[in-house]
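Take a look at the structure set out below.
The values are calculated or read from the model by the stated rules, or taken from the named source; none is laboratory data. Remember, predicted model here, so these are calculated numbers, not experimental data. Every residue, glycine as well, gets a Cβ built from its backbone with ideal geometry; the counts of neighbours run over all protein chains shown.
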Amino acid sequence: MKDIEVETTWEELRETLASILGKKPADLNSVLFLIGVQELGKGALNFTKEQKQDLMHIAICKVLSLSGFYELEGLDSDGWPHWRSTQKLPHFNLLSQETLLKVHVIRYFKEELKLLQ
């Protein structure tokens, strides 16, 4: 995807999520948090700050697993997924890292949840 396509589809995703949630996610971190909650599969709970960070980590691993960067190892005794790195991520500057994540988040919503065309 070209940068302009990424940003256009990203805004489309945020609008789609707004229509479902009643509120437009503010940024990439908000969407990653939503994916983490979805992947945990326990519904909307009150999470500690550490658990929120863990949810975002789950989301990053999940979306990057679509390109083979991570692999699900399994669930711990509390039902939290654990991932292992299967290949090194390319070294990117901050903007490129964000674009890489957005591309994978878009792919997640297209392939896993069928929310986008």
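If you go through the range 74-98 and keep only what is over 21 Å from Asp54 (Cα atoms) and either at pLDDT 95 or above or in contact with a helix residue (DSSP H, G or I) (Cβ under 7 Å, 6 or more places away or on another chain) (or both), you end up with just Phe92.
When only residues in the range 51-60 that are touching a Gly at 6+ places or on another chain (Cβ under 6 Å) and closer than 15 Å to Gly41 by Cβ count, which is surrounded by the fewest Cβ atoms within 10 Å (Cβ to Cβ)?
Our first condition is that a residue be touching a Gly at 6+ places or on another chain (Cβ under 6 Å); within the range 51-60, this holds for 55-56, 58-59.
With the extra rule that they be closer than 15 Å to Gly41 by Cβ, the set shrinks to 55, 58-59.
Details: Leu55: 21, Ile58: 23, Ala59: 26.
Here the answer is Leu55.
Could you tell me whether Gly74 is touching a strand residue (DSSP E or B) at 6+ places or on another chain (Cβ under 8 Å) and at positive phi? Criteria met by Gly74.
Taken over the range 21-38, the criterion of being among the aliphatic types (A, V, I, L, M) and exposed (fewer than 10 other Cβ atoms within 10 Å of the Cβ) is satisfied by Ala26 alone.
Number of residues in the range 61-117 that are closer than 22 Å to Lys42 by Cβ, among the small types (Gly, Ala, Ser) and surrounded by 12 or more Cβ atoms within 10 Å (Cβ to Cβ) equals 1.
Within the range 39-50, being exposed (fewer than 15 other Cβ atoms within 10 Å of the Cβ) and either under 20 Å from His104 (Cβ atoms) or not acidic (Asp, Glu) (or both) holds for Gly41, Lys42, Gly43, Ala44, Leu45, Asn46, Thr48, Lys49.
Quick check on Ile4: is it β-branched (Val, Ile, Thr) and at pLDDT below 95?
Answer is yes for this residue.
Go through the range 51-64 and count every residue that is within 21 Å of His104 (Cβ to Cβ) and among the polar types (S, T, N, Q). Within the range 51-64, residues that are within 21 Å of His104 (Cβ to Cβ) and among the polar types (S, T, N, Q) number 1. A single member of Leu45, Leu32, Leu75 is touching a residue at least 12 places away in the same chain (Cβ under 8 Å) and not polar (S, T, N, Q), and it is Leu32.
Could you tell me whether the range 65-73 includes any residue that is in contact with a helix residue (DSSP H, G or I) (Cβ under 6 Å, 6 or more places away or on another chain), under 24 Å from Lys110 (Cα atoms) and among the aliphatic types (A, V, I, L, M)? The answer is yes, given that some residue of the range 65-73 is in contact with a helix residue (DSSP H, G or I) (Cβ under 6 Å, 6 or more places away or on another chain), under 24 Å from Lys110 (Cα atoms) and among the aliphatic types (A, V, I, L, M).
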